[in-house]
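Colleague: Right, I'll just put the structure down here and ask away after.
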């Protein structure tokens, strides 16, 4: 069993999730149960699947959970684009969030490659 707390991608994903919560707290109230909630759940899913996968004994199983995590990262990338299109996010903040997410995606893909 791996210690997920020591994985750089997990730490990055938790930091990203915190930023998503801070960002979505600024969205209009009517988005509380819509886009805000979707984005928060997708962000939580990234870190959660990394943690859950790290508990698996086989590298194949761990890689499968990392793939689920990548899927959640693409989900939230789409949601960030939608939020920007709705003018909920300014360009600078959008770029910051996308850059942070891209790092997580690259780190996750690298770990998947190592495991296989």
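The values are calculated or read from the model by the stated rules, or taken from the named source; none is laboratory data. Fair warning: this is a prediction, and the values are worked out from it, not measured in the lab. Here the Cβ positions follow ideal geometry from the backbone for every residue, glycine too, while neighbour counts run over all protein chains shown.
Colleague: For segment 51-67, how many residues meet the condition of being buried (at least 17 other Cβ atoms within 10 Å of the Cβ) and under 15 Å from the mean Cα position of the chain (by Cα)?
Modeller: Residues in segment 51-67 being buried (at least 17 other Cβ atoms within 10 Å of the Cβ) and under 15 Å from the mean Cα position of the chain (by Cα): 4 in total.
Colleague: Test residue 101 against the stated conditions and say whether it is part of a helix (DSSP H, G or I), at pLDDT below 95, closer than 18 Å to residue 8 by Cα and out of contact with any strand residue (DSSP E or B) (no Cβ under 6 Å at 6 or more places or on another chain).
Modeller: Values: part of a helix (DSSP H, G or I): yes; at pLDDT below 95: no; closer than 18 Å to residue 8 by Cα: yes; out of contact with any strand residue (DSSP E or B) (no Cβ under 6 Å at 6 or more places or on another chain): yes.
Criteria not met by residue 101.
Colleague: Scan (1) outside any helix (DSSP H, G or I); (2) modelled with pLDDT under 95 for the single condition residue 61 breaks and write down its number.
Modeller: With (1) outside any helix (DSSP H, G or I); (2) modelled with pLDDT under 95 applied to residue 61, the lone miss is (1).
Colleague: Do we have residue 87 as under 19 Å from residue 11 (Cα atoms) and either modelled with pLDDT of 95 or more or not in a helix (DSSP H, G or I) (or both) here?
Modeller: no
Colleague: Considering segment 1-53 alone, what residues qualify as being without any contact (Cβ under 8 Å) to a residue 40 or more places away in the chain, within 20 Å of residue 95 (Cα to Cα) and in a loop (DSSP other than H, G, I, E, B)?
Modeller: 25
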